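**Q** Pasting a structure here, questions to come.
The values are calculated or read from the model by the stated rules, or taken from the named source; none is laboratory data. The shown structure was predicted, so the numbers you read here are calculated from the model rather than taken from an experiment. So basically every Cβ, Gly included, is an ideal-geometry build from the backbone, and we count neighbours across all protein chains shown. Quick note on the areas: whole protein, heavy atoms, side chains included, nothing else; ligands and nucleic acids left out. Shrake-Rupley method; radii C 1.70, N 1.55, O 1.52, S 1.80 Å.
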Amino acid sequence: LGCSSSQARSRQNEIQVQPAFWWSGMAEPSLQLLLHAPGVGEHEVRIDAPGIRIDSIFRPTNTNYLFIYMNVGQAAPQTFGIDLLKGGKTARRLTYELRQRDNQLRAQGFDASDVLYLLMPDRFVNGLTANDVVKGLKEQTCGPEPDARHGGDLAGMTAALDYLSDLGITAIWPTPLLVNDMPSHSYHGYAITDFYQIDPRYGSNDDYRSFVEQAHAKGIKVVQDMVFNHCGSDNFLFTDLPDSTWFNNHSQYVQTAYRIAAVGDLHAAFGDADNAQNGWFVEAMPDLNQRNPHVWKYLTQNSVWWIEYAGIDGIRQDTYPYADRQAMARWNEALKREYPHLNIVGETWINHN
């Protein structure tokens, strides 16, 4: 089965399931399934699948969420049912798939010998004008204004691969391609509203995977820009909070002063370091609390999902010092266990104020 942008945000009987599918044979046996729908947290859960068991169920205060932690271990690739029960009877049945892993090289890494080309997809090449404005998204304009959408997309990026190859490029770093369904000023891609969906103004999840494959065919690696620190304020995780601990400062806006030098300075004031990591980048980008184990698992699993699904080669982690340091260290370790050759670089701007 392919994975279109709509399929990545899987809705089965109006239940959103993330991730929409997983793979057999991963190093980490624990799989977190996030279910989101009105009242879904009021159900009990039953699974009958060879080699798979439920380790735990987490029910946050918001009953619109249910987190199922399954041990998939070395279970064979399969499609199985997840029964949601009420009063001991099946109220809803979901179908879930463990896929066979692709044997193609994943996360081959990049190093100082690579020529890395940074591009902003919306500002690069407009390969398909039909997706410049997408019905249903909040921003319904595309034009030449500096802060507006300009129409660049994956079709344009794919069409430009020969041009980039002729320049001697060996690796491409696009700014984030995930959906930013914000009212305005989100062309940059750093206000993610769905961590599992390519922005339809760029194309689909399938288009992204095809872009990576075609880049590899020309000897060009792809580095994905990921955002662990924050998301867009119209992300469903913020507009319908699982509980108040998913975002820093009890999910209330507190502005960071950007004094990230304090994070690594033993002599800095505690308040400066705390504000740097727990304050929000801007009000429209709520600051995720990676110390919450369910948040950490969600974000880490999402990173693995994109590596495995799209076959990317490395990660550029946005606003690296603003996220919790211990959480980021554990994220690095988790990804390296799955992909030993993976390269990760973190963004940091040092402010000496």
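**Q** State the Cα centre-to-centre distance between segment 242-270 and segment 278-298 in whole Å.
**A** What the calculation gives is 10 Å, centre to centre.
**Q** Shape of segment 244-353 from its Cα gyration tensor (a ≥ b ≥ c, root eigenvalues): rounded if a/c is under 1.5, otherwise prolate when a/b > b/c, or oblate? Intermediate values should be presented prior to the final figure.
**A** Values: a/c = 2.14, a/b = 1.56, b/c = 1.38.
It is prolate, given that a/c is not under 1.5 and a/b is the larger ratio.
**Q** Taking a ≥ b ≥ c as the square roots of the eigenvalues of the Cα gyration tensor of the chain, is the shape rounded (a/c under 1.5), prolate (a/b larger than b/c) or oblate?
**A** It comes out rounded by the Cα gyration axes.
**Q** Provide 274, 162 ordered by accessible surface of protein heavy atoms (probe 1.4 Å), highest first.
**A** Highest to lowest solvent-accessible surface, that is 162, 274.
**Q** Largest first, how would 135, 86, 297 line up by accessible area (1.4 Å probe)? List each step's numbers first, then the result.
**A** Details: 135 190, 86 100, 297 30 Å².
Reading off the accessible areas and sorting them downward yields 135, 86, 297.
**Q** Then there is this: Gap in Å between the Cα centre of segment 43-94 and the Cα centre of segment 168-225?
**A** The two parts, judged by their Cα centres, are 31 Å apart.
**Q** When the Cα atoms of segment 128-203 are enclosed in a convex hull and the volume is divided per residue, what value in Å³ results?
**A** Details: hull volume 7.6 nm³, N = 76.
So the per-residue hull volume is 99 Å³.
**Q** Just reorder 134, 282 by solvent-accessible area, largest first, 1.4 Å probe, all chains present.
**A** 282, 134
**Q** Could you order the peptides 45-56, 334-345 from most to least packed, using the average number of other C-beta atoms within 10 Å per residue? Intermediate results must be reported in sequence, preceding the final value.
**A** On the way: 45-56: 13.5, 334-345: 16.7.
The packing order, highest mean first, is 334-345, 45-56.
**Q** What percent does the relative contact order of the chain come to when contacts are Cα pairs within less than 8 Å and at least six residues apart? Don't skip to the answer; put the middle values down first.
**A** Values: 754 pairs, mean separation 55.5, N = 353.
It comes to 16 percent, rounded to a whole number.
**Q** While we're looking at this one, here's another question. Per 10 Å bin from zero, what fraction in whole % of the C-alpha pairs of segment 177-282 is there, up to the bin with the longest pair?
**A** The calculated distribution, bin by bin, is 13, 33, 29, 19, 6, 0.
**Q** Something else about it: Please go through segment 292-352 and write out the chymotrypsin sites (Phe, Trp or Tyr not before Pro) that DSSP classes as loop and that have at most 16 other C-beta atoms within 10 Å. Write out the running numbers ahead of the final one.
**A** Values: sites: 296, 298, 305, 306, 309, 322, 331, 349; in loops: 349.
Within segment 292-352, the qualifying chymotrypsin sites (Phe, Trp or Tyr not before Pro) (loop, at most 16 other Cβ atoms within 10 Å) are 349.
**Q** Of the residues 171, 310, 37, which exhibits the maximal mean-square fluctuation in a Gaussian network model of the chain defined by a 10 Å Cα contact cut-off?
**A** Its mean-square fluctuation being the largest, the pick is 37.
**Q** Another question, then. Using a cut-off of 21 Å between alpha-carbon atoms, which lysines can reach residue 221, once sequence neighbours fewer than 8 places away in the same chain are excluded?
**A** Within the straight-line cut-off, residue 221 pairs with 336.
**Q** Additional query: Can you give me the relative contact order of segment 185-248 as a percent, contacts being Cα pairs under 8 Å and 6 or more apart?
**A** This gives 45 percent for segment 185-248.
**Q** Whole-Hz Karplus ³J(HN,Hα) for segment 147-155, in order, using 6.51 cos²θ - 1.76 cosθ + 1.60 and θ = phi - 60°, x for Gly and Pro?
**A** For segment 147-155, the Karplus-derived couplings read 9, 8, 5, 10, x, x, 7, 5, 4 Hz, x marking Gly and Pro.
**Q** Moving on to the next point. Calculate for the chain the 222 nm mean residue ellipticity that helices alone would give, adding -39,500 (n - 2.57) per DSSP H run of length 4 or more and normalising by residue count, nearest 500 deg cm²/dmol. Before the final figure, lay out the partial values.
**A** Numbers: 8 runs with 75 residues, N = 353.
The helix contribution divided over the chain gives -6000 deg cm²/dmol.
**Q** Under 1.5 on a/c is rounded, so check that first for segment 170-209, then, if it is not, pick prolate when a/b is larger than b/c and oblate when it is not; a ≥ b ≥ c are the square roots of the alpha carbon gyration tensor eigenvalues.
**A** The shape class here is oblate.
**Q** Got the relative contact order for segment 194-348 handy, in percent, Cα pairs under 8 Å and 6 or more residues apart?
**A** 28
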